[in-house]
Amino acid sequence: MLKLHDISAFYGNINALSKINLKVKKGEIVSLLGANGAGKSSTLKVISGLLEPREGDVFFRDNKITGMEPEIIVDHGIIHIPEGRQIFPALTVEENLKIGAYRIRKSTDWRDKLDNIFEYFPALSDRRQQKGGTLSGGEQQMLAIARGLMAEPELLMLDEPSLGLAPLIVKDIFKIIKKINSEGVTILLVEQNANMALKVANRAYILETGEIVHSGNAKDLASDEKVKEAYLGSTH
Amino acid sequence: MHWQIFLQNVFGGIETGSLYALAALGVVLIYRVSDVTNFAQGEMAMFSTFVTYTIWVYSANAGFPYPYIAAFIGALIFSAIFGFLIERIFIRPTSDSSLLGKMIVTLGLILMVNGSAGAIFGTDSHYMQRAITGHIRFGNMIIRPHSFFVIGLAIVIMLVLFYMIKFTMFGVAIRATAQNDKVAKLMGVPTKKVTAFTWIMATMMGAIAGLMIAPATNVYTGMMADIHLKSFIAAVLGGFTSFVGPVIGGLMIGILDNLVGYYISTNWQTVIVYGFLIIILIFKPYGLFGEIPKKKV
């Protein structure tokens, strides 16, 4: 469904990604793991059009989408939920959800989707008229995911959805991610919480300073001694 | 009777105030969506008014039965194209520059627009007709139907604008772009189109304000100086982060301006209006309805 071919990207002169090759198949959950600055977020930015790669190509369902404007890539069915939640703080919960439905505004009334969304996120339904900025961190993350779902994405990319959240909420978020996937949405997940990410994922790629150093089945990676040592830490 | 004179001044203040409000809304709309303080809003409105005036004169000379309507429609069409071109040629290419850089661009636009208006239309002052001519007497009060037209038009434009911003998908897209354009893009919002659209709307609102004030100021290259300055005061007074603020600010400035001019002195008018602004800013640094700006990410 998604294919990155030899992607290299730079921030000015700083090499963020070198020759990344990556594939996501329809219906999968794929995790991108690695330390801070390894290039996980940059990879998502290249896919969603925020960062133009210097070399290589991105294909989505056999269409070349390299270098397209982000809003055009959204039209193709890829939704990128950026790091740090980034909901619109001065918009209400409902308005945040409404703007999420921008992609499908011509075919669907955004209100018709709310019930379905609130099934995933019951906590949000009590807060419809509240400003996004007044929500707790966990609720904001839920809103960010909910806003992304409003667009009916085929591929949902989440950047560190667990960042800065309490363990119980992290568990909830991962449960929701699994549920979204089980209803047919393909997921590309960037995480620092490697334990969790490997548990939900089918496959994973591990990045180090802009290069893919390991890839494979999530289960195999989780039991790989080298990977364990480097990424799963002492908690395992 | 004193109260009638008072009322007449208040009414006149509402009339000019609603024009300040229109112009101020244009400035705030652009500021919020593209982070640009458009100092050239007044000069752009002046230019549009000159074009409108020219259409009015030509269509009247050509024997067209409704030259004012032709001029009004011409004003809308011209200002829409004008706003679109200014955004495309001057604003979009400089959108990555610093806030100061963007300010210099719009300050430069003042010179360019004013200079070309002088070169194209000359420096003479021209009479412009009111939308509705004549006046009505209520006791000692003299009220022009034109004033009702101005106030009514301003109210209609503001209601349409507020409805759009508050309730339509495009309005939410405008507010989302204003808050965080990068994330708005990630939601599929064509932020460049949104920005272009706000420039078009703001320029149209400026042109309407210019056309409505023209009968009082005449049409000349300096016609918008005062209304432009007052619209900025209105925007600052009401708060740059709010859409309702500039409207209230505009009306307050309009009324205050008129009352001070009549009861105290026209010489001190501007000084007192400024003093009022400064006092408000001491107590409400972000304006009456402004919120402390949140950092854009």
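Which ³J(HN,Hα) values, rounded to whole Hz and listed in residue order, are derived for region A:3-10 from phi using the Karplus coefficients 6.51, -1.76 and 1.60 in 6.51 cos²θ - 1.76 cosθ + 1.60 with θ = phi - 60°, glycine and proline given as x?
So the J values, rounded to whole Hz, are 9, 9, 10, 6, 7, 10, 9, 10.
Any idea of B:Leu99's accessible area? Nearest 10 Å², probe 1.4 Å.
It works out to around 110 Å².
Using the Cα centre of the protein assembly as shown as the reference point, and only Cβ charges (+1 on K/R, -1 on D/E), how large is the resulting charge dipole? Debye, rounded to the nearest 20.
480 debye
Which whole number of Å³ per residue matches the convex hull of the alpha-carbon atoms in region A:87-151?
With only Cα atoms used, region A:87-151 gives 66 Å³ per residue.
Relative contact order for region A:87-151: what is it in percent, counting Cα pairs under 8 Å that are at least 6 residues apart?
Relative contact order for region A:87-151 comes out at 57 percent.
Could you list which residues have their amide H under 5 Å from that of A:Met157, counting only those 5 or more apart in sequence or on another chain, with H placed in the peptide plane?
A:Ile79, A:His80, A:Ile81, A:Leu188
Using a 1.4 angstrom probe and counting only protein chains, how large is the accessible area of B:Leu259 in Å², to 10?
That residue has around 40 Å² of solvent-accessible surface.
Given the pairs A:Lys106/A:Lys178; A:Lys179/B:Lys185; A:Lys45/A:Lys131; A:Lys178/A:Lys199; A:Lys23/A:Lys45; A:Lys178/A:Lys219, which span a C-alpha to C-alpha distance of over 19 angstrom in this model?
A:Lys106/A:Lys178; A:Lys179/B:Lys185; A:Lys45/A:Lys131
Ignoring ligands and nucleic acids, what accessible area does B:Thr270 show with a 1.4 Å probe (Å², nearest 10)?
50 Å²
If Rh is defined by the Kirkwood formula over all Cα pairs and Rg also comes from Cα, what ratio Rg/Rh do you get for chain A?
We get a ratio of 0.96 for chain A.
Send over the Kirkwood Rh of chain B, from the inverse of the averaged 1/r over different Cα pairs, rounded to one decimal Å.
Final number for the Kirkwood radius of chain B is 19.8 Å.
Rounded to a whole number, what is D in µm²/s for region B:167-297 from Stokes-Einstein with the Kirkwood radius over alpha-carbon pairs (37 °C, 0.692 mPa s)?
196 µm²/s
If you average the sequence gap of Cα pairs under 8 Å that are 6 or more apart and divide by the length of region A:103-223, what percent do you get for the contact order?
After rounding, I find 18 percent.
Using only the heavy atoms of the protein chains and a 1.4 Å probe, how would B:His2, B:His135 rank by accessible area, largest first?
Result, largest first: B:His2, B:His135.
Which aspartates and glutamates have a Cα less than 19 Å from the Cα of A:Lys64, not counting those fewer than 8 places away in the same chain?
Within the straight-line limit of under 19 Å, A:Lys64 reaches these aspartates and glutamates: A:Asp6, A:Glu52, A:Glu55, A:Asp75, A:Glu154.
Set the Förster distance to 41 Å, then compute FRET efficiency between B:Tyr286 and A:Ser107 from the Cβ-Cβ distance, nearest 0.05.
0.50
Take every residue in peptide A:88-94, count the Cβ atoms of other chains within 10 Å of its Cβ, and give the average of those counts.
4
When the helix-only estimate is applied to chain A (DSSP H runs of n ≥ 4, each -39,500 (n - 2.57), divided by the residue count), what is the mean residue ellipticity at 222 nm, nearest 500 deg cm²/dmol?
-9000 deg cm²/dmol
May I ask you to give the percent of accessible area on chain A that is carbon plus sulfur, with a probe radius of 1.4 Å?
47 percent
If you average over every viewing direction, what projected area does the convex hull of the Cα atoms of the protein assembly as shown give, in nm²?
Reported value for the Cα convex hull: 29.7 nm².
How do A:Asp172, A:Asp62, A:Asp112 stack up against each other in accessible area, from largest to smallest, with a 1.4 angstrom probe?
A:Asp62, A:Asp112, A:Asp172
May I ask for the longest run of chain B untouched by trypsin sites (Lys or Arg not before Pro) that are loop-located per DSSP and have at most 13 neighbouring C-beta atoms (other than their own) within 10 Å?
Free of exposed loop sites, the longest segment is B:1-293.
The values are calculated or read from the model by the stated rules, or taken from the named source; none is laboratory data. Keep in mind it's a predicted model, so treat the numbers as computed, not measured. Reconstructed Cβ throughout: ideal geometry from the backbone, glycine too, with neighbour counts over all protein chains shown. To get the accessible areas, we keep the full protein, side chains included, count just its heavy atoms, and leave off ligands, DNA and RNA. Shrake-Rupley method; radii C 1.70, N 1.55, O 1.52, S 1.80 Å.
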